[in-house]
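> Sharing a structure with you now.
Read-outs throughout are calculated quantities, based only on the coordinates presented, and are distinct from any laboratory measurement. Note that the structure is a prediction, hence the values are computed from the model and not measured. Note that each Cβ is placed from the backbone with ideal geometry, even for glycine, and that neighbours are counted across all protein chains shown.
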Amino acid sequence: MQSPLHRWLRLSFINLLLVSLIGVILRYKIAFSFPFIDQKHLLHGHSHFAFSGWITHTLMVLLVNHLSIYKGDEIFHKYRFLLYANLFTAYGMLISFPIQGYGVWSISFSTLSIFTSYAFTIVYWRDLNSIHTNNVSRLWFKAALFFNVISSLGVFSLAFMMATKMVHQSWYLATVYFFLHFQYNGWFFFACMGLLVARIEHIASIHKRLINIFWLFCTACIPAYLLSTLWLPILPVIYWIVLLAAFAQVGGWISLINLFVRNKSAFTNSFPPAGRWLLLLSAITLSIKLLLQLGSTIPSLSQLAFGFRPIVIGYLHLVLLGVISIFLIGYILSFQLIQITKTVTIGVTVFVTGIFVNEIFLMAQGVAALSYHIIPFINESLLIAALIMFIGLVLMNFRYRYTEIITVNDLDHKANTSSI
């Protein structure tokens, strides 16, 4: 019999496949022509479903799985309604946004998605409090839930501006970046770090250092939002606070890397080899992201970078795919939360290759845009990268499903044999 975790994660990979398929369609429309598709509306559906259907759903499932260590697999039954509610709103946004853009149905589904996250936060927070342990991972999980709630203020602010028709370009961008920051650097990042820390906090000698690292990232998260708004006029004292926040995050990351180096054998034993290379890739990508973030504290570079859409898109994909998605897949494979086969491994390798090919092309496009140059066949190249990622996910999902069917058939065969 399949575990609840296996079933929920299967939906995660199906959703990631759908995200990739829409990405292929978007890239095809840019490179060639697809007159029946509204590019902007489909893009909204793509991004909302990537956030809620892939990342948020997977994080919720893995956080519930963390609770199952203390409360058993029956905890999944308690969260079943919330997980289904999140999926319902995710599929609702996937369908409604491409049809109507920002309309009654799409706004309703996105609002229900926010309320679902509120409900999940309340229930999960209480369950964390019921576990009487002094785990550092609890701090990361609670911060993740808090920042997820905070991010919704950006959505409601944007809705208010649109309703009152008081949409100023600068404030519109600042509101969008507010939501993105507390999703990417808040909810997504802190939840992933909580999952990571939960696997290493048993090492007694690093407990205090882990707490210090948490507080460096946590106190820096809110002022770090202003890294996305340095193109706005700000007071000098605010700039120095932002600069300090950027250095605090780099310092926290260096401290964590130092912990890994000093406790290499203990950390190696905590992470099985199956997905360890993916976790390493995610760490390298995060290092690049933090250095780029530190570089953005130079106002002239910040204004230049945020003024060119290809650079912004490249940076967002670097975080969502290179850091978060690779980490989640690496975490799932490392602890064999799904059955790992040769085809799944090949699919993951192809998918990750597509991510880095895509990122190289996006960054090249962004750098070329700075000098107002166009790289020949760049749109076709990005379409190829999207297809590589899609093929990798098809392999992962195909083998995932095939393994499940074979397992069930094997069980039936054994049952029939034993009855004879």
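> Arranged from highest to lowest average of other beta-carbon atoms within 10 Å per residue, in what order do the peptides 372-382, 56-66 appear?
Final packing ranking: 56-66, 372-382.
> Now for a different question. Is the C-alpha gyration tensor of region 267-398 telling us rounded, prolate or oblate? Criteria: a/c under 1.5 is rounded; beyond that, a/b larger than b/c is prolate, otherwise oblate.
Cα axes put region 267-398 in the oblate bin.
> At a Cα cut-off below 25 Å, give the lysines reachable from K165, other chains included and same-chain residues fewer than 8 away excluded.
Straight-distance partners of K165: K40.
> Leaving out same-chain residues fewer than 8 places away, which lysines sit with a Cα under 25 Å from that of K71?
Straight-line reach from K71, under 25 Å: K142.
> Rounded to the nearest 500, what is the 222 nm mean residue ellipticity of the chain from helices alone, with -39500 (n - 2.57) per DSSP H run of 4+ residues and division by all residues? Write down the numbers at each step before the final one.
On the way: 17 runs with 327 residues, N = 420.
The per-residue figure over the chain is -26500 deg cm²/dmol.
> Starting at 0 and stepping by 20 Å, how many percent of the alpha carbon pairs of the chain end up in each bin?
Result returned by the calculation: 25, 60, 14, 1, 0.
> Over all alpha-carbon pairs of region 134-270, lay out the pair-distance distribution in 10 Å bins, whole %, shortest bin first.
Distribution as computed: 12, 35, 29, 16, 6, 1 percent.
> In region 63-166, if the dipole is taken from +1 on Lys/Arg beta carbons and -1 on Asp/Glu beta carbons about the Cα centre, which of G154, I114, L82 is farthest to the positive end?
In region 63-166, that residue is G154.
> Now for a different question. Fewest Cβ neighbours within 10 Å first, please rank L291, L17, L244 accordingly. Don't jump to the answer; show the numbers that get you there.
On the way: L291 13, L17 21, L244 16.
Ordered from fewest to most neighbouring Cβ atoms within 10 Å, L291, L17, L244 come out as L291, L244, L17.
> Here's a follow-up. To the nearest 20 debye, what charge dipole does the chain have about its Cα centre, counting +1 at the Cβ of each Lys and Arg and -1 at the Cβ of each Asp and Glu?
Its charge dipole is roughly 460 debye.
> At a threshold of 8 angstrom on Cα-Cα distance, excluding pairs fewer than six apart, so keeping six or more, what relative contact order does the chain reach in percent?
Result for the chain is 17 percent.
> With +1 on the Cβ of every Lys and Arg and -1 on the Cβ of every Asp and Glu, and nothing else charged, how large is the dipole of region 1-84 about its Cα centre, in debye rounded to the nearest 20?
60 debye
> Next question. Once phi is turned into ³J(HN,Hα) by the Karplus curve 6.51 cos²θ - 1.76 cosθ + 1.60 with θ = phi - 60°, what whole-Hz value does each residue of region 224-241 show in order, with x for glycine and proline?
Per-residue couplings from phi come out as 5, 4, 5, 4, 7, 10, 5, 7, 8, x, 10, 5, x, 5, 5, 4, 5, 5 Hz.
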